[in-house]
Each structure stands twice: as C-alpha cells, then as structure tokens.
Amino acid sequence: MRAAPAPRRAVLRAAAPEGLWEERVQRSAHPIAYPALRSARHRPAVRVPRVGVVVSDAALARDVLLDLDHFSKVGPGAPSDLWTPVLGPSVLLNMEGPEHAALRRALGPLFSPRAVRELVAAGHGRAGVLPELTRRLGAGETVDLAAVVTAQAGAVICTMVGLPPTDDAVRSAMVAAQTVTGMVRLHRHGLTRSQTVRARSVLERLTAPARAAYRAGDPATVPGRMRELGLSEREAMGAVGAFVLTGTETIQSFVPRLVAIAHDTGWTRRLLADDAGLRRRAVEEGLRVTVPTPAMLRSVRADTSVGGVPVHAGDRVVIATVNCCRAPGGFDPARPVDPAVRHLWFGAGPHFCLGMPLALAQVDGVLDALAAGAADGRLPVVGRRRAARGVLVPAYRSLELSLSVAEQDADRWAVAGAGCSRTAEEAA
Ligand code: HEM
C-alpha cells in the first residue's frame, strides 16, 4: 500500500458560488456525519472513532478500491453488513471474486446504449414526465424540478421491476427505495433487527411484480430479459433490488443539484447549449462537486496500512469520495481534471458503477427536455428551493424553475458569489 501522501494544507480560497446551497443540501441530509467526514479532509487517511479509517485522497482511494487482496465489500463494516440481511448474499454490492464478475457480465447487456435508451424512453415516454416538463416551462409555468426528476427516476424503476409507471406506482416505488436507504447511518455498521424486517417487506412488495415478470419470461420486461440472459430467479431479484437501491436516489439527487449549480455559477446557457462536449464537461464537473454517492465502504481482509495508518483484518475503511473529489475546488468545467479524481464519483475497480450509462442517459433526458423548453433567449432560472432532510443521498426536496430572460453568465458569477455567506473553511 502506498505511503502517506503529504497532508493537504487548509488553503484559504474564495467561496465557490455554488457552495452555499451545496453545503446546505449536504448538511440537511447528514447534520452530524457530513461535518464529521469533512473534518477529516485535510489528512489523506485518518482513524475516526466509531466510523473507521477515513480516506480523503483520490489516489489513495483508488489504491484501496483496486487492492482486492486487502479490502472487500464483504465483511465487518462493509456493504454486506447492510444489504445481505435485506437482499440476500448475491446482489453485486455484497459480492466479490469470480461470482461477482460473472453476474456483472451477465447483466452487462441491460446497460448497452440501446437497452438504456429504451429503458429511459419507456420510463418517461409512457408517463410523459419529460415532454410535460418541456410543455409546462414553455407555457410559462413554474415547475418543481425535484418532483419531475423523482417521477422520472421512479418511472424508470417501475419499468425495471415490470410495473406500468402510473403516478401511484411511481410514488410507491420512490417511497419504498427511500424508506430503505433512509435507514442507513454512517456510524452504524448495519441495520437494526426491526429495520431489517421492515426493509425486507418494503422491498418484497416492490419487487413482487419483478418476480412475476421473471416467471412469465417476457423479454419485453427487464426481469424477463434477465431470465433470457441466463440469470437464476434469485440473481435476477437480487439485481432488481440492487438497482432500486443504487439507481433511484442518486439520480433524484444529482439532476436538480446540477441545474442549481449551473444557475448559481452562470453555466445554464452552456449546459443546455447544442454542444455535446461542453455539456459532458459540465455534467462531469457537476458529478465531481456533488458526489451523489458521498462515501464507499470496505472491510479490511488482511493487515496492512492505508496512507501510513495501520489497519487490521475486520477494520472498516470509509472512502470519503466527497472529500477526494472536491479537493480540487469548486465547479469549474474549464479546469483540467486530475486523472486520480476522474470518474471516482462512479467508483473504481470491479465495483465501478454498473448503471453509469443509464445514469447519464437519464441526465441527458432531463437536460434535453429543459433545452427544448427554453426558447426566445429565455433560460430556466431557479426560484425557491428547499433541501431534503433525513435522506441517505443529499438532495433538494424542491427546486422551482421557470423560464426567464437569460442573465449574463458573467454577472451571475458575481451575484452568486456575493450572496455566498459561508466561511472559506466550508468552501475549501
Ligand atoms: C449519478 C448517479 C450515480 C452515481 C454517482 C453512482 C455511483 C456509484 C458508485 C460510487 C458505485 C460504487 C460503489 C462502491 O464501489 O462501493 C456504484 C455502484 C453501482 N451502481 Fe451506481 N451510481 C449512479 C447511478 C446508478 C444507476 C442509475 C444505476 C442503475 C440501476 C446504478 C447501479 C449501480 C450498481 C448495480 C452498482 C454496484 C456494482 C457492483 O457492485 O458491481 N447506479 N454506483
């Protein structure tokens, strides 16, 4: 394991314009864990009582994620502690080795560009969520982007579990996913017994249609397709559970935060412009500063050290992805990305996010709908917003958007920066 990189010095930076709201979103979700994690950010690795060894350096984080001899997602303090009692032992997030690789290979075709396009189209096409967003904005209405993205993510999940995405089905799918993920706390290694029972029953209800679709074997449904791809019923149901847990709140969190950041930094016009390269840079930079999955957990398999901190079998390592990714500074799509940081927001190594193509397709779907709604020199501008409380993935509870005559991007930088009352410490 590599030696400890030099500790980062606390640099006094100007507050990033997006920082005020981003900070509020993070603290509303995790009033205790977030400041605790951030307080570790100036040390590449540090042992925090009751939490584990916290890693805040991107290169060191990659070393841990790629070192399969010493670190695992199975074992004390790892995701297996959280999810095996709820979902069973074979749901990707709690697997390692050849079985894990084989299941990923089998699931791969579900995330091909074509499969993802069809999934997103089926999700929002039938429910009409995104065309409705374009229409309402164009008609001069104020829309709540957080609600729209929740409906879109819920519709995609319904499609995955084989449910028609009616309003009711979408609502219950999202509530179910949030009920389960909302039980997770960084300082607790697993769920309590009663939480486990509740999580199981919520997920069983949600995935019942998936089981029926698998048994019917209709390849037009995702579970039917899994059967066609050779997955056993147990593997297919585990994968559906994993998709529900990993693929809903991340999207619900990211898209409104990206649009809010673009607004706060004067990037809305460029984000929605007909320039795929510029949009990709802005989306990647949005992912870097929001880090929808703020931490990754690993259990130590064999004694070693992490950045000079000795660790022993059974210890927990918490990769503070939020610290690793945000170290280079605030949102700036023009800044070259450090290769150690690039895509770390989607993980690294054998557990790298399987759903990345679906995530990016969903983001594109919303941005296309916003771009189609914007016309006559008008752009979506953010009105009132509220951060969500008690959620696992930091998010806006509501984010109002309406079209307005575009402000000058340069002016917005100045205005947003001036309104930012945080300390430089919070901004760094
Ligand atoms: C912006 C959105 C998303 C972000 C930032 C994100 C981030 C991540 C990260 C960091 C990991 C690795 C965790 C680790 O190594 O401990 C991961 C794994 C995973 N993600 Fe995503 N994710 C997103 C969206 C999605 C979506 C839409 C799906 C689709 C269903 C999905 C499915 C998965 C699955 C199945 C895994 C587990 C892979 C494995 O263990 O082999 N993710 N994600």
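The values are calculated or read from the model by the stated rules, or taken from the named source; none is laboratory data. Treat the numbers as computed from the prediction; the structure is a model and nothing was measured. Cβ: placed from backbone, ideal geometry, glycine included. Neighbour counts: every protein chain shown. For the accessible areas, the whole protein counts, side chains as well, though only heavy atoms, and no ligand, DNA or RNA atoms are used. Shrake-Rupley method; radii C 1.70, N 1.55, O 1.52, S 1.80 Å.
Is there a residue being in contact with a His (Cβ under 8 Å, 6 or more places away or on another chain), in a strand (DSSP E or B) and not small (Gly, Ala, Ser) anywhere in the stretch 314-333?
For the stretch 314-333, residues in contact with a His (Cβ under 8 Å, 6 or more places away or on another chain), in a strand (DSSP E or B) and not small (Gly, Ala, Ser): present.
Of everything in the stretch 220-275, what is polar (S, T, N, Q) and out of contact with any Asp or Glu (no Cβ under 9 Å at 6 or more places or on another chain)? Give them in sequence order.
221, 232, 246, 248, 250, 252, 253, listed by residue number.
From 163, 110, which residue is surrounded by 15 or more Cβ atoms within 10 Å (Cβ to Cβ), not in a helix (DSSP H, G or I) and not β-branched (Val, Ile, Thr)?
Exactly one of 163, 110 is surrounded by 15 or more Cβ atoms within 10 Å (Cβ to Cβ), not in a helix (DSSP H, G or I) and not β-branched (Val, Ile, Thr), namely 163.
For the stretch 32-86, how many residues meet the condition of being in a strand (DSSP E or B) and either modelled with pLDDT of 95 or more or surrounded by fewer than 20 Cβ atoms within 10 Å (Cβ to Cβ) (or both)?
9
Using the structure shown, decide if residue 204 is out of contact with any helix residue (DSSP H, G or I) (no Cβ under 8 Å at 6 or more places or on another chain) and assigned to a helix (DSSP H, G or I).
yes
Going by the structure shown, is residue 294 in a loop (DSSP other than H, G, I, E, B) and surrounded by fewer than 17 Cβ atoms within 10 Å (Cβ to Cβ)?
No; evaluated as a whole, the condition is false for this residue.
From 176, 236, 242, which residue is in contact with a helix residue (DSSP H, G or I) (Cβ under 8 Å, 6 or more places away or on another chain), within 16 Å of the ligand (Cβ to nearest atom), free of Cβ contacts under 8 Å to residues at least 40 places away in the same chain and outside any loop (DSSP other than H, G, I, E, B)?
Matching residue, one of 176, 236, 242: 236.
Of the residues 387, 395, which single one is among the small types (Gly, Ala, Ser), within 16 Å of the ligand (Cβ to nearest atom) and modelled with pLDDT of 95 or more?
Result: 395 is the single residue among 387, 395 that is among the small types (Gly, Ala, Ser), within 16 Å of the ligand (Cβ to nearest atom) and modelled with pLDDT of 95 or more.
Taking only the stretch 323-336 into account, find how many residues are within 16 Å of the ligand (Cβ to nearest atom), out of contact with any Asp or Glu (no Cβ under 7 Å at 6 or more places or on another chain) and farther than 9 Å from residue 289 by Cα.
1
Go through 249, 228 for me and flag whichever is within 20 Å of residue 357 (Cβ to Cβ), modelled with pLDDT of 85 or more and more than 16 Å from the ligand (Cβ to nearest atom).
Only one candidate passes the filter, namely 228.
Consider residue 280 carefully, then state whether it is within 16 Å of the ligand (Cβ to nearest atom), without any contact (Cβ under 8 Å) to a residue 24 or more places away in the chain and open to solvent by 10 Å² or more (accessible area, probe 1.4 Å).
Taking the combined requirement at face value, the residue satisfies it.
Here's the yes/no breakdown for (1) crowded, with 24+ Cβ neighbours inside 10 Å; (2) touching a helix residue (DSSP H, G or I) at 6+ places or on another chain (Cβ under 7 Å); (3) more than 20 Å from residue 120 (Cβ to Cβ); (4) aliphatic (A, V, I, L, M):
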{"site": "150", "(1), (2), (3), (4)": "yes, yes, no, no"}
{"site": "181", "(1), (2), (3), (4)": "no, yes, yes, no"}
{"site": "212", "(1), (2), (3), (4)": "no, no, yes, yes"}
{"site": "216", "(1), (2), (3), (4)": "no, yes, yes, yes"}
{"site": "255", "(1), (2), (3), (4)": "yes, yes, no, yes"}
{"site": "266", "(1), (2), (3), (4)": "no, yes, yes, no"}
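Here's the yes/no breakdown for (1) surrounded by fewer than 16 Cβ atoms within 10 Å (Cβ to Cβ); (2) more than 9 Å from the ligand (Cβ to nearest atom):
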| site | (1), (2) |
| --- | --- |
| 272 | no, yes |
| 302 | yes, yes |
| 306 | no, yes |
| 313 | yes, yes |
| 321 | no, no |
| 366 | no, yes |
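When the residues of the stretch 121-148 are narrowed to those that are in contact with a helix residue (DSSP H, G or I) (Cβ under 7 Å, 6 or more places away or on another chain) and modelled with pLDDT under 85, which ends up surrounded by the fewest Cβ atoms within 10 Å (Cβ to Cβ)?
In this case the residue turns out to be 122.
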